[in-house]
Amino acid sequence: MADIANIVGSVIIIIGVVFIVLGAFGIFKFKSFYPRMLVGSKVDTMGSMTIIFGIMVRHGFTFFSAKLMLIVILILVLNPLVSHIITKAAYESGHPLVDYRKNAKNTENKENTGNIENIENIENTENTDVRE
Amino acid sequence: MNTINVIDVIVEYFSQQFMTHLLWAMLALVVVFIIGVIKGPSIWDRLLSMSMVSLKVIVVIVVLAYISDTAYLLDLAIIYALFGFISEIFIALFVADRAKEDSAREGRK
């Protein structure tokens with residue numbers, strides 16, 4: 001019985017580790033801030049919660065698992081809150097929504113305002129403050 | 001006979017060495033996200049990677065508590081979660097306020 005719990009918990013832990021490695025890959029894959037936040041926050045919260053659930057399955061129905069449940073609830077409440085507040089603070093302080101590395105290449109078209117129609121032409125336009 | 005040996009090896013691995021390997025994997029991921037903190041071009045990327053580092057440190061503390069089977073190490077994880085998240089929220093709000101003051105001082109273009 002303990003062997004079955006060990007194997008099931010270990011498989012759940014491996015699923016969580018795969019989630020977190022995909023989150024790390026997303027952090028280094030995307031070069032702008034908002035896609036990075038989109039990928040990183042959700043995948044990372046899910047992976048950590050899955051790892052702690054696997055440890056709960058391995059340990060059984062004990063006091064240790066009750067404390068782990070408290071940590072899972074804290075992560076579930078607080079980590080999306082932190083991601084939301086960091087993104088909202090970045091947006092309100094004027095972090096550009098368009099990739100800033102493309103600014104140096106193309107500076108001809110200065111009429112882009114970041115509307116829906118212009119998103120397909122982003123590679124040919126200049127990065128301006130899109131909220132104005 | 002051979003399949004029984006394979007099952008025994010898997011059960012042996014998952015019951016003995018697996019959590020130590022998980023601890024090393026988590027420490028490697030902490031190093032990866034610290035590279036993200038150093039490399040990130042803006043302060044918001046650094047703050048995002050820093051929140052992920054704090055989450056990985058919580059998982060490392062939980063795995064350490066499981067390996068040594070000491071429940072009081074989880075108190076440390078709870079405190080680390082609360083203080084880490086609160087400090088990230090207030091660093092984000094502080095930097096946003098300072099950026100707004102700077103843009104107000106320079107004037108809108």
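Ranked by Cβ crowding within 10 angstrom, fewest neighbours first, how are B:S42, A:S65, A:S10 ordered?
Ascending number of Cβ neighbours within 10 Å: B:S42, A:S65, A:S10.
Report ³J(HN,Hα) in whole Hz for each residue of segment A:58-64, in order, from the Karplus equation J = 6.51 cos²θ - 1.76 cosθ + 1.60 where θ = phi - 60°; Gly and Pro get x.
Listing the rounded values in order: 5, 7, x, 9, 10, 5, 3 Hz.
If you add up the charges near A:F28, with Lys and Arg at +1 and Asp and Glu at -1, over every other residue whose beta carbon is less than 10 angstrom from its beta carbon, what do you get?
Cβ neighbours under 10 Å give a net charge of +4.
What is the order of B:R46, A:R58, fewest Cβ neighbours within 10 Å to most?
Least to most surrounded, the residues fall as B:R46, A:R58.
With a sphere of radius 15 Å drawn around the Cβ of A:V17, what net charge do the other residues whose Cβ falls strictly inside it have (Lys, Arg +1; Asp, Glu -1)?
For residues surrounding A:V17, the net value is +1.
What distance in nm separates the two pseudo spin-label positions at A:V21 and A:L38, each 7 Å out from Cα along the beta-carbon direction?
Simple spin-label model gives 2.5 nm for this pair.
Could you list B:Y72, B:Y80 in order of exposure, starting from the residue whose Cβ has the fewest other Cβ atoms within 10 Å?
So the residues, fewest neighbours to most, are B:Y72, B:Y80.
Given a Förster radius of 25 Å and the C-beta distance between A:I4 and B:Y13 as r, what FRET efficiency does 1/(1 + (r/R0)^6) yield to the nearest 0.05?
Once rounded, the FRET efficiency stands at 0.95.
Sum up the charges of everything whose Cβ sits under 11 Å from the Cβ of B:L48, counting Lys and Arg as +1 and Asp and Glu as -1, but leave B:L48 out.
So the surrounding residues net to -1.
Where in segment A:4-36 does the amide nitrogen come within less than 11 Å of the point 7 Å from the Cα of B:V6, taken along Cα to Cβ?
Label zone hits: none.
How big is the gap, in Å, between the Cα center of segment A:31-100 and the Cα center of segment B:7-54?
Using only Cα atoms to place each centre, the spacing works out to 14 Å.
Bear in mind these aren't lab numbers, they're just calculated from the coordinates by the rules spelled out. Just so it is clear, the structure is predicted and the values come from calculations on it, not from any experiment. Here Cβ is always computed from backbone atoms with ideal geometry, including for glycine, and neighbour counts include all displayed protein chains.
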